[in-house]
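So the structure is just underneath, and the comments pick up after that.
Where a number appears in this text, it was derived from the coordinates with a stated rule and is not lab data. Bear in mind the structure is a predicted one, so any value in this text is a computation, not a measurement. Every residue, glycine among them, receives a Cβ derived from its backbone with ideal geometry; neighbour counts consider all protein chains shown.
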Amino acid sequence: MRIAVCGGPYGNPYALQAFVDDARARGAERLYCLGDLGGFGAEVDALRPILTGNDITCVAGNYDVAIARGDTDCGCGYRDPKDN
């Protein structure tokens with residue numbers, strides 16, 4: 001079985017869709033995402049239909065955990081608060 005793994009899409013549905021298209025073209029049967037769905041990109045809500053529509057298994061990244069807990073910091077060690 002061929003699998004494909006992508007890093008964090010960070011709210012970029014276009015990159016996530018490109019991953020799906022490329023993985024399928026290469027014969028991947030199972031798709032995985034290493035989390036960090038949000039954090040930077042402006043279109044986080046647009047990721048869900050791509051994830052669910054393609055049965056992509058996700059793990060929680062540090063941004064996902066921080067958002068779920070209501071943290072004000074992602075734990076990335078950024079010195080400037082606006083980067084969190």
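So how do 3-11, 70-78, 20-28 stack up, highest first, on mean other-Cβ count within 10 Å?
In descending order of packing, they fall as 3-11, 20-28, 70-78.
What is the helix-to-structure angle for 13-25, meaning the angle in degrees between its Cα long axis and the longest Cα principal axis of the chain, kept from 0 to 90 and rounded to the nearest 10?
Computed tilt is about 30 degrees.
Hey, of (i) 31; (ii) 42; (iii) 25, which did the structure itself give for percent of Cα pairs over 21 Å apart when calculated?
Read-out taken from this structure: (i).
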